[in-house]
Every structure is written in structure tokens, then in C-alpha cells.
Amino acid sequence: MAKNILEVQNLVTRFKTEQGLMKALDGVSFHVEEGELVGLVGESGCGKSVMSQSIMRLYDEKTQARYEGKVLFNGRDLLTLDEKEMQRVRGQEITMVFQDALSALDPVFPVGSQIAEALRIHQGLKGKEAREQAEEMLRLVGIPSPGERMRSYPHELSGGMRQRVMIAIALCCHPKLLIADEPTTALDVTIQAQIMELIVRLNKQLNMGVLLITHDLAVIAETCTRVAVMYLGQIVEEADVKTLFRRPAHPYTRGLLRSIPRLDGDKRERLFVIGGTVPLLSQIPQGCRFAPRCPYACEDCGRREPELLPVPGGEKDHLARCHKAADGQGVS
Amino acid sequence: MKKYVLKRTLTLIPVLFVVSVAIFMLVHIAPGDPAAALLGDRASQAEIDALRERMGLNDPLPVQYVNWVGGVLRGDLGESVFMQGSMTQILAEHMGPTLALTGWAVLLATLFAVPLGILAAKNQGRLADHLVSVTSMVGISMPSFLLGLLLVLLFAVQLQWLPAWGYVSIREGGFLAHLRSLILPAIALGFIESGLMIRMTRSAMLEVLQSDYIRMCKAKGVSPSGIFLKHALRNSLISILTVVGQSFMVLLSGATVVETVFNIPGIGQLTVNSVLRRDYEVIQAVVLLVSVMNVLICLVLDLLYGLIDPRARAGGEGV
């Protein structure tokens, strides 16, 4: 078995708000193995991005957020590092690709210098060396005439190009883990496919772990080996891709899968919608957090909070946070 | 960038045309005959006619305009009837002190306000932020003449470190005497302007600090000081420059009160005196001068924007 590059144990992230501390992540545990591509899905507002930014401790701990639990990266707990040590981890060992490259790239510097900046910080490269290496990275991510593009500003590039630049920045220091936070959401479909192909190719080529955060189940199905489903700051189901798509155990996962539009089947049937919306953090329901929206919920679900447990009779490592699934009753 | 500079400079032509027409009409819109107004109630009709002839008021308006603009372009603004001298020279004499005062005031204000604004943004919601906020409120609320008088009371009357009034040019008394004569009025003016600058710098920095690219910088491993001084400052510079430029414009035409308090023979004083004696010609010349300077400051700001922000440049190149 490959060793775990990232192991998150009981991660809790609380935000400081005017109404006091708000728990945005509540005891999240999962892992990413070396060279593995793990997907993380969920609706907007369920804590996917909070999770990715908590792993890198991007929220300011003085003013914004407080973390608890453990984030073991290569066995070292990132939450115990000081800011200086954390800076060495960010951008070198763990890097990140954001959703909207136009707003994530600094508008007043040429893209070449933004790649070179990371190389200067982490690899100690000087002017010309850093520029050459940066150009090499642009070539690696498939940007035509990289020499010219080095001097381009973000607003002069197309959406796909910008996303490639961001990937180049993320990969230039050969990280062991890449967190891709909805890397293709802002792109059109053909470019989406190209960017995902690029990420998968680099994942194999560089044997780099990837945590892919998305709400697009199709992307997960095509690229990932393992998936975790998040709901309201918790992981509600985790399994390898095939199991999750064939035998989802949690009603929320079922709902997500049923909401995918299909080309085959009865066209007159209306698209399935999970009723209601993700509640606010200040209004987290008692008991099972999904119960108010769950078609299978019974009285017990509203009282007792389920734990993330192996699904009885299921595949190995298939976990779900549902009373019904745990009882072996199933929810179908 | 060359294209951008050219385009920005060319846009000045229509602006200056409109400004010149408006200023030219100033004298003609004013009620009554300018010549009669200049000479006062007791002048005879013959004297008025003679002055009308000398001022060219008998020509049709377009001809008068062309003559006037022609003169302006040659640097000839005519003669002042009241002040007995070439208008160009009168203006030059008064512009020097005003420019020096404004320059010092804006410089002091910027050096004071921008670091404080950054400090406040960096410590948002904490003690330093509140202290800076109070400082800027005092700056915005206090009238400049009051601060000027208080400064005079302390530094000139009590401590006797600095002169209470007057202006010494660098040519007359050297740099030190020049600075000594202007430091109090420059502080009085600059502190008032710095209030606004602090607020603008703070809010511009805060806005930039919440942006995605700052988060990306952090994710890239850039140190907090690198994020602040390289990325955040450069991106907030446009807002900061704008407010500095605006201060310059406001002070150029609005230093009158402080000039009066400190008895500095600048444009403000000249304007007030000219208005009191209804000297339309001088008023016209002053308004023209100040307008042209404002237009030029705008041009400089635009060019600086282009230098700082590639997106501003792109707009000028029609990409």
C-alpha cells in the first residue's frame, strides 16, 4: 500500500464572526496517498473550499479562523508549524489551484514573473535561471510560444491559458500534493476537458497526490480513484469511485447522483432536485445534518447524530454517515 | 505605452478648448461693461470708450477669442490695469509661493498618510487601526485656519522656533529659510488632506488584501511582508495616487485661507484681492492658469496609471 502523503484527522475550523465562533468544518478526517487522485464533492457552501484552505492554513489565525485537530503531511502536523515553516510548505510541498484564474493572478505583474516568484522563494533561483525555468513550466502545461507569453499580463490571456498559468505556478516547485479547488468551473466544456487531462497527466508523470475539489460528478467519475462527499462541514460518505457511483450508501450522495441530467432514459421525467438548500452554519440541525432534506429520515435521525462508519456488507473502505446505512437496512 | 501617452495627450486638446471658451466667456457673462466695471463709477464715457478700445472689446466675440487665445499661446496674457504690469509676470510671481506651499503640503501629507493607512489596514480592527482612524477623523474635521493658528501659537509665539508668517523663496534666502517659512503652513494644509488620504489608503489596501490573488500569493509561499509591500501596495497604488492627485488640485486652488493666515503672497491671495477690486482680467488669468494646471495633473495621473496598471494601458491601445 502506498503511504499517506496527507492525513487529516478530526479537522475542525471555526470562523470568528460577530455572532461568535462558527464551526465551518466539524471533525473532518480523510487521507490522500502518494500519487493518488482523490475527489471531494458537495454543494456550494458545504465546506469544500474551507477544507482546502484550512489544510494550507490560508485563513489568518489572528483575525479569521481557528483550527483544531491534525493535518499530517508526510507525518508532520501542519497545524503545529509556525508561520515561517508554513511558508516553506506552501507553494513548495503543497500547492493550490483556484477556481477563477483571472482573479487569482495578480493583475499588475506579467505571468512569467508570477511563476518566477515562486521559484525564487522556494528554489533560490536567481533572475535568468528563474525566468528560464518559468518558461519551461509554461511549455510543460502546454502554452504555445511560452517565451512571448512570459511577458503577458493575466488580462491578455484566455481563460484556459490563465488556468494553465496557475497550474504552472502550482507545479513549478514539484509539490507532493496539489489541491485543485474547482479548477475547471470557470471554463467552457472543451477547455475543461483539456485542463482535467493536464492535471491527470501531471498527476501520473510527477507522481503527485491531487485533491480535486469540485461539484461536477462527471469530472470525478472520469479522473479520481477515491471520492469523499461533504455535507455541511462533514464528510458523509467516502468510497472508491466505482462503489460510490454504483452503490451509494448515503441519501445525499444518491441525491447528487440522481441530479445529473442524463441523455438516455425517459426524457419527459423532470430532473431530480434535492429539496431545500444547505442550511446556514448558524442553523445546523440537531441529529443528522441532512435529515431535514432527507426523503428517508425517521424520528431517530432528527435526534441522534450518525457517525462515519463502514457500510455493512459493502466494499472495503466504504464509509457512510447514515443511521439507515449503518443498520444495514439500506436506503433504496 | 508610447501609443497610450500619445492618445492621452491628444485628448487634452478638446478639454483645453472647452476650458478656454468657458474662461473667455467669464468676462463677458459678468454683468455690465467690463471696461466700466474696471474704471469704477466716476469714470467719464470717453475714458470708458478708450479702455474698451484698448481691451479690444469693440471687436466681434470670435475675433476677441482668437486674439486672446493667440496671446495665451504666446504666453502673453495682457496687462493688468490695476496692478500695472504684465499679467504673465504677476501670475508667475504669485504662482511660485503657491506651488511651493502645495508641493510641500502634499509631500508631507503623503509621507504621513500612506504609511499610516497601510498600518491601519494591516492591523484592521485592532488598537493601531482605531488610533489611525481617530487621527484621520481629526484631520478631516479640523479647519485648516484653526490648525494654522494653533501651530503659529505653539511654534512661533511660544517656542519661537519658526516664523509666524511670510514667505521666503529659495533664491532669496536659501533652502533652509524657504523651508522654515513654509513648514507651518504646509503642515496646516497637509494634515487636513492627510485625513482623506489615510482613509483611502486603508480602504484600498483592505480591498486588495481580500482579493483572490493575495490568497494565491499566500498559497504560493510569499512572506507577509512580500505580500504587503510588493503585491498589495502596487495594486492599491492607483487609488492612493488618485487621492494624492486630487489633494494637489484641491490645494492649488484652495490654499487661500492658509495663505491668508500665514500671509503668503500666493495665487489664493491674488485671487481674493482681485475679486475684491473686481479685476476681471486677473481673475480670468488665474482661473485659466489653475484650470490648465489641473488638466496637466490629470494627464500626469493618467500616465502614471498606465505605468502601474497594464489594464489601463490596454484600454488606451484599443485592444
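The values are calculated or read from the model by the stated rules, or taken from the named source; none is laboratory data. Note that the structure is a prediction, hence the values are computed from the model and not measured. All Cβ positions, even for glycine, are placed from backbone atoms using ideal geometry, and neighbour counts span all protein chains on display. Surface accessibility is based on the protein's heavy atoms, side chains included, excluding ligands, DNA and RNA. Shrake-Rupley method; radii C 1.70, N 1.55, O 1.52, S 1.80 Å.
Helix-only estimate, please: 222 nm mean residue ellipticity of chain A, summing -39500 (n - 2.57) across DSSP H runs of length 4 or more and dividing by its residues, to the nearest 500. Each step should come with its number before you reach the end.
Numbers: 13 runs with 110 residues, N = 332.
Dividing the helical sum by the residues of chain A leaves -9000 deg cm²/dmol.
Which pairs in the list A:48/A:324; A:16/A:62; B:7/B:230; A:23/A:62 are over 18 Å apart, alpha-carbon to alpha-carbon?
Working: A:48/A:324 25 Å; A:16/A:62 9 Å; B:7/B:230 29 Å; A:23/A:62 16 Å.
In this structure, A:48/A:324; B:7/B:230 lie more than 18 Å apart at Cα.
Return the sequence-ordered ³J(HN,Hα) values of region B:224-235 in whole Hz as given by the Karplus equation 6.51 cos²θ - 1.76 cosθ + 1.60 applied to θ = phi - 60°, using x for Gly and Pro.
Once rounded to whole Hz, the list reads x, 5, x, 4, 5, 7, 8, 7, 5, 5, 4, 6.
Tell me, what is the 1.4 Å probe accessible area of residue A:272, in Å² to the nearest 10?
60
Quantify, in whole percent, the carbon and sulfur part of the accessible surface of the protein assembly as shown (1.4 Å probe; protein heavy atoms only). Numbers along the way, then the final one.
On the way: 18300 of 31430 Å².
Here carbon and sulfur together make up 58 percent of the probe-accessible area.
Give me P(r) over region A:192-332, computed from all C-alpha to C-alpha distances, binned every 10 Å, as integer percentages.
11, 37, 33, 16, 3, 0
Amide H neighbours of residue A:69 under 5 Å, at least 5 residues apart or on other chains, H built in the peptide plane: list them.
A:12
Can you pull the mean other chain C-beta count within 10 Å for peptide A:149-155?
On the way: counts 0, 0, 0, 1, 5, 3, 5.
Whole-number average of other-chain Cβ neighbours for A:149-155 is 2.
Rg and Dmax in Å for region B:221-283, alpha carbons only: what are they?
That works out to 20.2, 66 Å for Rg and Dmax.
For residue A:97, list long-range residues whose amide hydrogen, built 1.01 Å from N in the peptide plane, is under 5 Å from its own amide hydrogen.
The answer is A:179, A:180, A:181.
Provide, as a two-decimal number, the C-alpha radius of gyration of region B:1-79 over 2.2 N^0.38 Å, N being how many residues it has. Write out the running numbers ahead of the final one.
Details: Rg = 17.1 Å, N = 79, 2.2 N^0.38 = 11.6 Å.
Ratio of Rg to 2.2 N^0.38 Å for region B:1-79: 1.47.
Give me the distance between the Cα centres of region A:239-298 and region A:7-43, rounded to whole Å.
Taking the Cα centre of region A:7-43 as reference, the centre of region A:239-298 is 20 Å away.
Applying the Karplus parametrisation 6.51 cos²θ - 1.76 cosθ + 1.60 with θ = phi - 60° to the phi angles of region B:95-107, what ³J(HN,Hα) value in whole Hz is obtained for each residue in order, glycine and proline being reported as x?
Whole-Hz 3J(HN,Hα) from phi for region B:95-107: 6, x, x, 5, 4, 4, 4, 4, x, 4, 4, 5, 4.
For chain A, what is Rg from Cα atoms divided by 2.2 N^0.38 Å, rounded to two decimals?
Working: Rg = 20.8 Å, N = 332, 2.2 N^0.38 = 20.0 Å.
So the Cα radius of gyration is 1.04 times the expected 2.2 N^0.38 Å.
Name the residues of region A:107-121, by number, that are at least 50 Å² less accessible with every protein chain in place than in the isolated chain; the surface is that of heavy atoms, probe 1.4 Å, without ligands or nucleic acids.
Buried by 50 Å² or more upon assembly, which counts only protein chains, are A:107, A:108, A:109, A:117.
Report, in cubic angstrom per residue, the convex hull volume of the C-alpha atoms of region B:1-135. Display every interim value, and only then the final one.
Details: hull volume 29.2 nm³, N = 135.
Cα-based convex hull of region B:1-135, divided per residue, equals 216 Å³.
Residue-wise, which Karplus ³J(HN,Hα) couplings in Hz belong to region A:274-283, taking 6.51 cos²θ - 1.76 cosθ + 1.60, θ = phi - 60°, and x for glycine or proline?
Once rounded to whole Hz, the list reads 6, x, x, 10, 5, x, 6, 4, 7, 10.
Eigenvalues of the Cα gyration tensor times 5, then square-rooted: what semi-axes does that give for region A:106-220, in whole angstrom, largest first? Walk me through the intermediate numbers first.
Working: eigenvalues 109, 56, 26 Å².
Rounded to whole Å, the semi-axes are 23, 17, 11.
Calculate, for the protein assembly as shown, the solvent-accessible area per residue in square angstrom, rolling a 1.4 angstrom probe over the heavy atoms of the protein chains. Please report the intermediate quantities before stating the final value.
Values: 31430 Å² over 651 residues.
Here the per-residue accessible area is 48 Å².
What's the total accessible area buried between chains A and B, using a 1.4 Å probe, rounded to the nearest 100 Å²? Present the calculation step by step, with values, prior to reporting the outcome.
Values: alone 16480 and 17360 Å², together 31430 Å².
Heavy-atom accessible area buried at this interface is about 2400 Å².
Order of A:88-94, A:156-162, A:199-205, B:181-187 by packing, highest average Cβ count within 10 Å first?
Numbers: A:88-94: 21.4, A:156-162: 17.9, A:199-205: 15.9, B:181-187: 24.0.
Taking the mean over residues of other Cβ atoms within 10 Å, the ranking is B:181-187, A:88-94, A:156-162, A:199-205.
What net charge is computed for the residues neighbouring residue B:284, neighbours being all others with C-beta under 15 Å from the C-beta of residue B:284, Lys and Arg scored +1, Asp and Glu -1? Present the calculation step by step, with values, prior to reporting the outcome.
Values: positive: B:277, B:278; negative: B:76, B:79, B:279, B:281.
Around residue B:284, the surrounding residues sum to -2.
Which whole number of Å³ per residue matches the convex hull of the alpha-carbon atoms in region A:86-142?
Numbers: hull volume 5.6 nm³, N = 57.
Dividing the Cα hull volume of region A:86-142 by its residue count gives 98 Å³.
Which stretch or stretches of region A:96-117 have amide N atoms under 19 Å from the point lying 7 Å from residue A:148's Cα along the Cα→Cβ direction?
A:110-113
Ranked by accessible surface with a 1.4 Å probe, highest first, in what order do A:296, A:231, A:59 come? Before the final figure, lay out each step's value.
Numbers: A:296 75, A:231 0, A:59 30 Å².
Most to least solvent-accessible, the answer reads A:296, A:59, A:231.
With the convex hull built on the Cα atoms of region B:121-189, state its orientation-averaged projected area in nm². List each step's numbers first, then the result.
Numbers: hull surface 24.9 nm².
Approximately 6.2 nm², given one-decimal rounding.
In square nanometres and to one decimal, what's the mean projected area of the convex hull around the Cα atoms of region B:263-315? Please report the intermediate quantities before stating the final value.
Values: hull surface 20.3 nm².
Average of the hull's projected areas for region B:263-315 equals 5.1 nm².
Can you pull the Rg over Rh of region A:1-131, Cα-only, Kirkwood?
On the way: Rg = 16.5 Å, Rh = 16.6 Å.
When Rh is taken as the Kirkwood radius, the ratio is 0.99.
Taking 0.36 nm per residue of sequence separation and subtracting the Cα-Cα distance, how much length would be gained by fully extending the chain between residue B:126 and residue B:82, in nm to one decimal? Please report the intermediate quantities before stating the final value.
Details: separation 44, 0.36 × 44 = 15.84 nm, distance 5.85 nm.
Extending this stretch completely gives an extra 10.0 nm.
Suppose the chain between residue A:3 and residue A:269 were pulled fully straight at 0.36 nm per residue; how much longer would it get relative to their current alpha carbon spacing? The partial results should precede the final answer.
Values: separation 266, 0.36 × 266 = 95.76 nm, distance 4.57 nm.
Length difference between fully extended and current span is 91.2 nm.
I need the Kirkwood Rh of the protein assembly as shown: take the reciprocal of the average 1/r across all distinct C-alpha pairs and report it in angstrom. The partial results should precede the final answer.
Numbers: mean 1/r = 0.0332 Å⁻¹.
Evaluated on the protein assembly as shown, it is 30.1 Å.
Please work out the FRET efficiency for the pair residue A:327 and residue A:260, using the Cβ-Cβ distance as r and a Förster radius of 30 Å; give the result to the nearest 0.05.
Working: r = 28 Å, r/R0 = 0.92.
Between residue A:327 and residue A:260 the formula returns 0.60.
Evaluated at 25 °C with a viscosity of 0.890 mPa s, what Stokes-Einstein diffusion coefficient in µm²/s does region A:268-332 have when Rh comes from the Kirkwood expression over alpha-carbon pairs? Could you put the intermediate results ahead of the total?
Working: Rh = 13.2 Å.
Rounded, D is 185 µm²/s.
Peptide B:139-147: average number of partner chain Cβ atoms within 10 Å per residue? Spell out each step's value before the answer.
Numbers: counts 0, 0, 0, 0, 0, 0, 0, 0, 0.
Average per residue, whole number: 0.
What 222 nm value per residue comes from the helices of chain B, counting each DSSP H run with n ≥ 4 as -39,500 (n - 2.57) and dividing by all residues, nearest 500 deg cm²/dmol? Spell out each step's value before the answer.
Values: 15 runs with 240 residues, N = 319.
Mean residue ellipticity at 222 nm (helix-derived): -25000 deg cm²/dmol.
Using the per-residue mean of other Cβ atoms lying within 10 Å as a proxy for protection, in what order, highest first, do the peptides B:123-132, B:206-215, A:170-179 fall? List each step's numbers first, then the result.
Values: B:123-132: 14.0, B:206-215: 17.9, A:170-179: 22.6.
Ranked from most to least packed, the peptides come out as A:170-179, B:206-215, B:123-132.
Return the distance in nm (one decimal) between the two label points of a simple spin-label model at residue B:9 and residue B:172, each offset 7 Å from Cα along Cα→Cβ.
3.6
Where both partners of a DSSP beta bridge lie in region A:4-224, what percent of those bridges are antiparallel, to the nearest 5?
Working: 20 of 35 bridges.
Here the share of antiparallel DSSP bridges comes out near 55 percent.
Take residue B:52 and residue B:17, extend 7 Å from each Cα along the Cα→Cβ direction, and tell me the distance between the two endpoints in nm.
The modelled label-to-label distance comes out at 3.1 nm.
I'd like the FRET efficiency for residue A:188 and residue A:225, computed as 1/(1 + (r/R0)^6) with the beta carbon distance as r and R0 of 22 Å, rounded to 0.05. Please report the intermediate quantities before stating the final value.
Values: r = 27 Å, r/R0 = 1.21.
That gives a FRET efficiency of 0.25.
Any chance you could list the semi-axes, whole Å, largest first, of the equivalent ellipsoid that the Cα gyration tensor gives for region A:225-270, using √(5λ)?
Working: eigenvalues 104, 34, 12 Å².
Equivalent-ellipsoid dimensions as semi-axes: 23, 13, 8 Å.
If N is the number of residues in region B:96-265, what value comes out of its Cα radius of gyration divided by 2.2 N^0.38 Å?
Details: Rg = 18.3 Å, N = 170, 2.2 N^0.38 = 15.5 Å.
Rounded to two decimals, the normalised Rg is 1.18.
Pop the C-beta distance of residue B:140 and residue B:111 into the FRET formula with R0 = 22 Å and round what comes out to the nearest 0.05. Display every interim value, and only then the final one.
Details: r = 18 Å, r/R0 = 0.83.
According to the calculation, E is roughly 0.75.
Give me D for chain B in µm² s⁻¹, whole number, from Stokes-Einstein with Rh from the Kirkwood sum over alpha-carbon pairs, 37 °C and 0.692 mPa s.
In µm²/s, the coefficient is 146.
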